[in-house]
1. Just reorder Arg88, Arg253, Arg153 by solvent-accessible area, largest first, 1.4 Å probe, all chains present.
2. So what are the range 27-85's ellipsoid semi-axes, whole angstrom, largest first, if each one is the square root of 5 times an eigenvalue of the alpha-carbon gyration tensor?
3. Largest first, how would Thr207, Thr145 line up by accessible area (1.4 Å probe)?
4. Sequence-distant or interchain residues sharing an amide H contact under 5 Å with His42, placed H: which?
5. Semi-axes of the equivalent ellipsoid of the chain: what are they in whole Å, largest first, if each equals the square root of 5 times a C-alpha gyration tensor eigenvalue?
6. Between beta-carbons, use under 13 Å as the cut-off and find the net charge around Tyr146, counting Lys and Arg +1, Asp and Glu -1.
7. Could you tell me what percent of the DSSP beta bridges with both partners in the chain are antiparallel, to the nearest 5?
8. Any idea what the dipole of the chain comes to, in debye rounded to 20, about its Cα centre with Lys/Arg Cβ at +1 and Asp/Glu Cβ at -1?
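The values are calculated or read from the model by the stated rules, or taken from the named source; none is laboratory data. Owing to the predicted nature of the structure, the values given are computational and were not obtained by experimental measurement. Cβ atoms come from the backbone with ideal geometry, glycine included; neighbour counts cover every protein chain shown. Note: areas computed on protein heavy atoms with side chains; ligands, DNA, RNA excluded. Shrake-Rupley method; radii C 1.70, N 1.55, O 1.52, S 1.80 Å.
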Amino acid sequence: MNGILRRFSVAGTLFSALTCAAALCTSAANAQTLTQSQTGTHGGYYYSFWTDGGGSVSFTLQSGGRYTSQWSNVGNWVGGKGWQTGGRRNVTYSGSFNPSGNSYLALYGWTTNPLVEYYIVDSWGTWRPPGGEGYLGTVTSDGGTYDVYRTQRVNQPSIEGTRTFYQYWSVRQQKRVGGTITTGNHFDAWRSYGLNLGTFNYMIMATEGYQSSGSSDITVGDGGSSSSSSSSSSSSSSSSSSGGGGSKTILVRARGTVGGESISLRVNNSTVATWSLSTGMQNFTATTTLSGGITVAYTNDSGNRDVQVDYIQVNGQTRQSEAQSYNTGLYANGSCGGGSNSEWMHCNGAIGYGNTP
């Protein structure tokens, strides 16, 4: 099942900011509150702020890499601090992110030649971008697992004007606000999936709100140049692997709606086993010494195919699918990956079952 088109684009918003008039007012010493679109430098960091003028939003440039924002019933806005030229950085950040509705917190940037818009998303509101379309696999970095996607924008605004270009996404499976984003890990994983970057343009730690309300208080910093220390797992991988730790026996109870649906059991982003489903419920069992997060991934969605995973058992302990908050394969609220707490996967994606004992 195809994912829906994304209803808004940071690409157009940030590009528009380059040509918008600005209103700048001083709210406190070393702090500047923006109420109209503007880009520039402040406190040693590049910043970008854009609003479509709907609702109420204030974006305040605090000292150093810190910014704060408050928005209410907006149409669309985006802003953040970072660097005029992105690249392989260990980006550190901290603060708070409190959305009510559709919003997300992401490291965001552009490259040229090829023209690419990219996102490393750490948290979001009611909608998890990019909606499940274009899933390629995962990358593990900075204590978490991110799902990797590629989507395309056709004849849309960009830093080079109206163009057709790809968007690269890493979206963290479990939300967080604060930590380190080792960009090189994501760039290397993207390259392993055939997603090549070009010459870096700007890169910011951005807050975006779309038809929503909320607030954020984010401080970004530069932890130095980034080296690779990631692992990635392709959505089409079917090899078995093992690692350190005690032996775990995992049972997966599942079926397909048509027959021939393929699912893979993964631990710590490594494929332990791959099975083809029939239309009746079956038990599949695998043993591994790997430790880490457990997922069951659906990898060959087509036509009327769907997958129902009743539950898994880990060393005899049952984990019900409907009790799991992570499900990128469920079609709900108009998009793939739009819901959770379900046995069903209608799109390529995965259900997460927590960590091994």
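1. Highest to lowest solvent-accessible surface, that is Arg88, Arg253, Arg153.
2. 20, 13, 8
3. Numbers: Thr207 0, Thr145 30 Å².
Output order, biggest surface exposure first: Thr145, Thr207.
4. Residues meeting the amide H criterion: Tyr47.
5. With the √(5λ) rule applied to the chain, the semi-axes are 38, 20, 18 Å.
6. 0
7. Antiparallel: roughly 95 percent of the beta bridges in the chain.
8. Result for the chain is approximately 260 debye, rounded to the nearest 20.
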